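Visitor: Here's a structure for you.
Any read-out appearing in this document is the output of simple, stated calculations on the displayed coordinates, not a laboratory observation. Everything quoted here is computed from the prediction, not taken from an experiment. Methodologically, a virtual Cβ is constructed for each residue, glycine included, from the backbone with ideal geometry; neighbour enumeration extends over all protein chains shown.
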Amino acid sequence: MSFRNKVIYQIYPRSFQDSDGDGVGDLRGIIDRVPYIAELGPDMVWFNPFFVSPQRDNGYDVADYRAIDPTMGTMADLDELIAALAAHDIGVMFDMVFNHTSTEHEWFRRALTGEQRYRDYYIIRPPGPDGGLPNNWESKFGGPAWSPFGDTGDYYLHLFDPTQADVDWRNPAVRREMADIVNFWLDHGVTGFRFDVINLISKDADLASSPAGVDPRVMYTDGEHVDEWLRELHDASFGTVPATVTVGEMSSTSIDRCVSYSRPGNRELDMVFNFHHLKVDYPEGQKWALAPYEPMALARTLDEWATGMQDGGGWNALFLGNHDQPRALDRFGDAHTYRVESATMLATMIHLLRGTPFIYMGEEIGMTDPEYAVIDSYMDVEARNAYSLLVDAGATDDEAFAVVAARTRDNARTPMQWDDSPGAGFTTGTPWLAPTNQEHINVRDELAHGRIFRHYQELIRLRREVPDIADGSYAPWRLDHEHVYAYLRDSVFVACNLTQEPTSIELPEQFHGASPLINNYPDDSDTGQSELHLAPYQAVALVKGES
Ligand code: GLC
């Protein structure tokens, strides 16, 4: 399977490199940085959406799926970028936002003017029997999931911002449109597709409210037609081009469903993102609340998914961060005392698991959350809503700020730090979101004398060269350890100290005296005969039968 030995790098185009000084990243900026991407060595780059958009949700509100947003560049720039990456054998993955369109999309505008054909593209309903909203569903960005549809007296559904209207996948014409868009980009040389919140496309047939006490999300998540419509999309578009790589973003999902979405025989997707491991520090599943992080809870969740997906024959996308998550280093590592050690440990843990690793831009230089002091520094629509909701619910400003600062998606969206200048080498203008610690974390210093970038290069190389990393089976080892997440990939044994406590772990017998494959500490650690000693956040992999 072609995607098993690949590594994918994620670029958030708004924040990677600005070429024209307007403070927002663009395609020409990315073209200038292709040599850097090539030096890291991924097989493919996933770009967050840069299509025409009013940018209410930074491009996840698409107004034209076939055109580049003018702030990002032109179609000619895109062709140049695709060619520049192809020259290094790096493919391009696009982000297809097919659960909803911007309300500025032509379809929605024509629906508003009364064209029945386009009204049928959306989920528009009269008020409920009590004259209120059609049902009890809530927007994932806060507030109700329904807004008035012009002055018709009806409402349209939006599971995200009111400017992101959900489309009606029950309508075959909508499904045809989506396949046509994928085919349009396939013709442009795009060979990867990430499908945004794709398990939300099949809503409850009656759009019923959830029963009292039941989370409304069950009414539209992993619905009855997701498998069928993914298969239809596969057969009508990317499935006809064998070299494509596809990944679906699955919101609040289950292992069983993800096995089904990613089993090769099902003709749906190559792999899935799930978020269970990124909720281990949510108290009772609540995003906008704080709880201490328990390292072995992360290990147990990663293990549960690795085992469950393997048993069912599915395939995981492996990641700890993306444009929607705070920096993994701040959550699961130590961004201060052990920044280098914990960044490289977390990378090792993820890259040697069964699945396809994704690197979120900046992870390879150990970027951290920004240090902002006031709520106005954040731009994220979700964070701003959350702050108001917390204050309305009685939190003090300081309490609400602390929660938002820890959780906001803007933590990952600050500009890529290329050097220590005020614009971090990202822009000559005013960055749309301010960098805060480029003096001591930046690409220039990292390449000159850092260890994190080199460690990522090594992990990418190992996945290509060691067949068991790509294709070997997965088995946990001593999951009851207090500090260490360890696992076996046939001929490879991996042990990661998730904490700052020095510790040790007994080795499986077949690895007694085995040779080190990769180690995030520079010195030759004492791998011992029968046990492995691990320094704070140390990660070591051993391989059998090599000298
Ligand atoms: C996904 C995207 C996120 C976006 C949302 C709505 O979760 O990753 O950034 O806001 O979908 O499209």
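Visitor: Determine the sum of side-chain charges near ASP397: Lys and Arg each +1, Asp and Glu each -1, restricted to other residues whose C-beta is under 15 angstrom from that of ASP397.
Guide: Around ASP397, the charge tally is -3.
Visitor: Normalised by the empirical 2.2 N^0.38 Å for globular proteins, what value does the Cα Rg of region 319-400 take?
Guide: 1.32
Visitor: Express the C-alpha Rg of region 432-487 as a ratio against the empirical globular expectation 2.2 N^0.38 Å, rounded to two decimals.
Guide: Against the compact-globule rule of thumb, the ratio is 1.71.
Visitor: Among ALA306, HIS440, GLN116, whose Cα projects farthest towards the positive end of the dipole of the chain, with charges put on the beta-carbon of Lys, Arg (+1) and Asp, Glu (-1)?
Guide: Going by the charge dipole, the pick is GLN116.
Visitor: What net charge is computed for the residues neighbouring ARG300, neighbours being all others with C-beta under 15 Å from the C-beta of ARG300, Lys and Arg scored +1, Asp and Glu -1?
Guide: After counting each charged neighbour, the total is -4.
Visitor: Which value, in debye to the nearest 20, describes the size of the charge dipole of region 389-547 about its Cα centre when Lys and Arg Cβ atoms bear +1, Asp and Glu Cβ atoms bear -1, and nothing else is charged?
Guide: Result for region 389-547 is approximately 580 debye, rounded to the nearest 20.
Visitor: Choose one of ILE350, PRO370, THR246: the residue whose Cα lies farthest towards the positive end of the charge dipole of the chain (beta-carbon charges +1 Lys, Arg; -1 Asp, Glu; about the Cα centre).
Guide: Final value for the positive-end residue is THR246.
Visitor: Suppose we take every Cα in region 20-144 and form the convex hull; what volume per residue is that in Å³? Write out the running numbers ahead of the final one.
Guide: On the way: hull volume 18.9 nm³, N = 125.
Per-residue hull volume (Cα only) is 151 Å³.
Visitor: For region 280-334, what value does the Rg/Rh ratio take when both radii are computed over Cα atoms and Rh is the Kirkwood radius, given to two decimals?
Guide: Answer for region 280-334: 1.00.
Visitor: If we sort 341-347, 483-489 on the protection proxy, mean other Cβ atoms within 10 Å, highest first, what's the order? Provide the component values of the computation, followed by the final result.
Guide: Working: 341-347: 27.0, 483-489: 23.4.
The densest-packed peptide leads the list: 341-347, 483-489.
Visitor: How far, in degrees from 0 to 90, does helix 295-312 lean away from the longest principal axis of the Cα atoms of the chain, to the nearest 10?
Guide: 70
Visitor: Continuing with the same structure: Show the residues, 5+ positions off or on another chain, whose built amide H is closer than 5 Å to the amide H of TRP46.
Guide: Here TYR9, GLN10, ILE11, MET93 satisfy the definition.
Visitor: I'd like the antiparallel share, as a percent to the nearest 5, of DSSP beta bridges with both residues in the chain.
Guide: Working: 34 of 58 bridges.
For the chain, the DSSP antiparallel bridge percentage is about 60.
Visitor: Still on this model: In cubic angstrom, how much convex hull volume per residue do the alpha carbon atoms of region 390-443 span? The partial results should precede the final answer.
Guide: Numbers: hull volume 5.0 nm³, N = 54.
Per residue, the Cα convex hull of region 390-443 comes to 93 Å³.
Visitor: Something else now. Please compute the alpha carbon radius of gyration of region 473-543, then divide it by the globular-protein estimate 2.2 N^0.38 Å. Two decimals is fine. Intermediate values should be presented prior to the final figure.
Guide: Details: Rg = 10.8 Å, N = 71, 2.2 N^0.38 = 11.1 Å.
That works out to 0.97 for region 473-543.
Visitor: When the gyration tensor of region 106-166 is built from Cα positions, what are the square roots of 5 times its three eigenvalues, in whole Å, from largest to smallest?
Guide: 19, 14, 8
Visitor: Take each of the peptides 193-204, 311-322, 511-522, average the number of other beta-carbon atoms within 10 Å over its residues, and list them starting from the highest.
Guide: So the peptides 193-204, 311-322, 511-522, ranked by packing, come out 193-204, 311-322, 511-522.
Visitor: OK, next. Taking 20 Å as the cut-off for C-alpha to C-alpha distance, list the pairs among LYS203/LYS279; LYS6/LYS544; LYS140/LYS203 that go past it.
Guide: Listed pairs above 20 Å: LYS203/LYS279; LYS6/LYS544.
Visitor: Give me the distance between the Cα centres of region 211-232 and region 1-52, rounded to whole Å.
Guide: Using only Cα atoms, the two centres lie 33 Å from each other.
Visitor: Give me P(r) over region 429-547, computed from all C-alpha to C-alpha distances, binned every 10 Å, as integer percentages.
Guide: Values per bin, smallest distances first: 12, 38, 29, 14, 6, 1.
Visitor: With 10 Å bins from zero, work out the P(r) of region 275-379 over every alpha carbon pair and list the percent per bin.
Guide: In whole percents, the pair-distance histogram is 13, 43, 34, 8, 1.
Visitor: If you take every residue apart from ALA328 with its C-beta less than 15 Å away from the C-beta of ALA328, what net charge results, scoring Lys and Arg +1 and Asp and Glu -1?
Guide: Result for the neighbourhood of ALA328: -1.
Visitor: Mean shadow of region 382-497, computed from the convex hull of its alpha carbons, in nm²?
Guide: Over every viewing direction, the Cα hull of region 382-497 projects on average to 11.9 nm².
Visitor: Taking every pair of alpha-carbon atoms in the chain, give the share separated by more than 45 Å as a whole percent.
Guide: Working: 18440 of 149331 pairs.
Summing the P(r) of the chain above 45 Å gives 12 percent of all pairs.
Visitor: Could you tell me how far the Cα centroid of region 263-310 sits from the Cα centroid of region 360-422, in Å?
Guide: Comparing the Cα centres of region 360-422 and region 263-310, I get a distance of 23 Å.
Visitor: Using the beta-carbon distance between SER504 and TYR282 and R0 = 35 Å, what value does 1/(1 + (r/R0)^6) give for FRET efficiency, to the nearest 0.05?
Guide: The value I calculate is 0.65.
Visitor: Let me ask you something else. Under 5 Å between amide H atoms, partner at least 5 residues away or on a different chain: which partners does TRP146 have, H built in plane at 1.01 Å?
Guide: HIS158
Visitor: What does the highest-first list of 447-459, 265-277 look like by mean Cβ count within 10 Å?
Guide: Order by mean packing, descending: 265-277, 447-459.
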